[in-house]
Structure formats: structure tokens, C-alpha cells
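Every number here is computed from the coordinates shown, using simple stated rules; none is lab data. It should be emphasised that the depicted structure is a prediction, and the values quoted were computed from it without experimental measurement. For neighbour counting, all protein chains shown are included, and Cβ atoms are generated from backbone atoms with ideal geometry for every residue, glycine included.
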Amino acid sequence: MKELEGKTALVTGAGQGIGQGISFALAAVGVNVMVTGRTELKLAKTVAAISERGGKACASTCDVKRKDDLKRIVDECIDHFGSLHILVNNAQEVPNGLLHDVSDEAFSAGFTSGPLATLRLMKLAYPHLKGDGCIINLASTAAKRWDMSGYGAYAAVKEGIRSLTRAAACEWAVDGIRTNVILPHAKSPGLAWWMEKNPEEAAAFQASIPQRRVGECEQDIGRFVVQLCSDGSRYVNGQTIAVDGGQAHLG
């Protein structure tokens, strides 16, 4: 997509899984990508893979729970590439488990790494995104599950991200910033681990997807993010979009 060539994206949690897939897809259409995450080695592998494909990327370690880290990665992105047009909030610690089993610490970490980090990073990126910016936040279809047992805390923090997305879309559209949230199913390491640990539930989960498969991080999720950032989606704002093969009913 020619209109994205030379633009710059910042992607959190880009050392593996969905964040990496989104980074690959953006770089493939000429977007400069700042990849961030907690593990330097994983980020280096993402940057190396993008470079081997002819794309441009740089990396910076970041713990999204740390406010100073978030400011630093935005500053480094501007220093390195000179601009910021696309923000992808992907990194998230997940508070899984039955309500009686979820500790205050786990829920607090889920909130801090999810809604709070998303809000902080959106606000830090806002001055740079004004005019022609695009924010993609990642949430989950967990709140739409047929059985919420074991997913209440996880869904709660992800629903907070959806609410912040809608608010930003309404408040910042006048400044030329579009904000949307996607609810992806993809073969991330986290989902692979869950499917291995819960084989019966995983089989039922996959059977409930009309397309009968879990998505690919780059080809299914990443390429959709590219489309959402392109001129072809310039009138899409404030939307929650399930990229999940048709499983979720959002009505």
C-alpha cells in the first residue's frame, strides 16, 4: 500500500506472536517499525527478520507497566525515525483463573499493563499522531464467551481497553486520529500454551470457529491491521472488530 510507505509505527509486545506478526505485516508495506517488549533477544530477532525482508525496524526494551518506559520508547521512536503515525497497543499481562484464584497482584498487573498502559501510551503518542494518525488497540472476545468461568478478570481488563478506544475515537477524531480495537484469535505462544494445557476445551474452541482454524499472526491479524491503517479504512473509527474467523457475536 503506497500510502503507508515511509510512515512509522510503534508496536508493543513485538518480540513474538501477534505483535511480531503485526510488525512484519506493517514493515512489508514500507512502514518503519519501532518494536518494543521486555526481552531484548526476542526483539532483536524481530528486527533481524524485518531487515532480511528489506524492511526498516529498530528495537527498544520496555515494560509497559512502567510509565517512564512508555515515555522513553515514544521519545526514542521520534529520535530514530523522526515521526510516529501508527500506535499498536498489544502488550498485556493476563490475569487468568477463577475469580477466587485471581490474586489482587495478578489483577492489578493486568490492569496496569492493559487499560492503564494503553491510556498512557495513547496520550504520549497523541501529539505526534495529530493530523493523520491511527491507533490500534488489542482486546479480546473473552467477554463474549459462552462460559465466562475462569475468564472474568481477563475480560474485565480487556473491556477497559475497549472503552478507552471508543472514548479516544470520539474525542480525537477531530484531530485527525482514528482509534479502533481488534479482538484477534491467532497462533501466538500464549494461545498455543493454553491449547496444549487445555486440549478438550481447545478442541471445542476451535470447533466453534466457523472457519475451523485459528488465525495466523502475520497473514490474518497483521495484514488486517495494515488494511485498518490504510486509506481504504479512513472512515472506520471507534469500532470493535473481531478478527476471529466468525466466532464472536458482538451484537
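Centre-to-centre separation between the Cα atoms of the range 45-69 and those of the range 191-218: 28 Å.
Please state the shape class of the range 124-216: rounded when a/c is under 1.5, otherwise prolate if a/b exceeds b/c and oblate if not, all from the C-alpha gyration tensor.
Numbers: a/c = 2.89, a/b = 2.25, b/c = 1.29.
Verdict is prolate for the range 124-216.
The residues neighbouring residue 149, those whose beta-carbon lies less than 15 Å from its own, together hold a net charge of -2 under the Lys/Arg +1, Asp/Glu -1 convention. Of all aspartates and glutamates in the structure, those lying under 20 Å Cα to Cα from residue 45, and not within fewer than 8 positions of it along the same chain, are 63, 76, 216, 218.
Helices assigned as whole DSSP H runs in the chain whose Cα atoms extend at least 24 Å along their own long axis and whose mean Kyte-Doolittle hydropathy is -1.0 or higher are found at 152-172.
Only loop residues by DSSP count here, and only those with at most 14 other Cβ atoms within 10 Å; note down the GluC sites (Glu not before Pro) in the range 1-54 that meet that. Please list the in-between numbers first.
On the way: sites: 3, 5, 40, 52; in loops: 5.
Hits after loop and neighbour filter: 5.
Could you please rank 174, 64, 47, placing first whichever residue has the fewest other Cβ atoms within 10 Å of its Cβ?
Working: 174 8, 64 26, 47 22.
By the 10 Å Cβ count, ascending, the order reads 174, 47, 64.
Overall, the chain carries a charge dipole of about 340 debye about its Cα centre when +1 sits on the Cβ of Lys and Arg and -1 on the Cβ of Asp and Glu, all other atoms neutral. Can you give me the relative contact order of the range 107-248 as a percent, contacts being Cα pairs under 8 Å and 6 or more apart? Normalised by residue count, the contact order of the range 107-248 is 28 percent.
Taking the charge dipole of the chain about its Cα centre, with +1 at Lys and Arg Cβ atoms and -1 at Asp and Glu Cβ atoms, the residue from 210, 239, 140 reaching farthest to the positive side is 239.
What the Cα convex hull of the chain gives, in volume per residue, is 122 Å³.
Relative contact order for the chain: what percent, with Cα pairs under 8 Å and sequence separation of 6 or more?
Rounded, it is 21 percent for the chain.
So what is the relative contact order of the range 1-81, in percent, for Cα pairs below 8 Å that sit 6 or more residues apart?
Details: 142 pairs, mean separation 21.9, N = 81.
Computed over the range 1-81, the figure is 27 percent.
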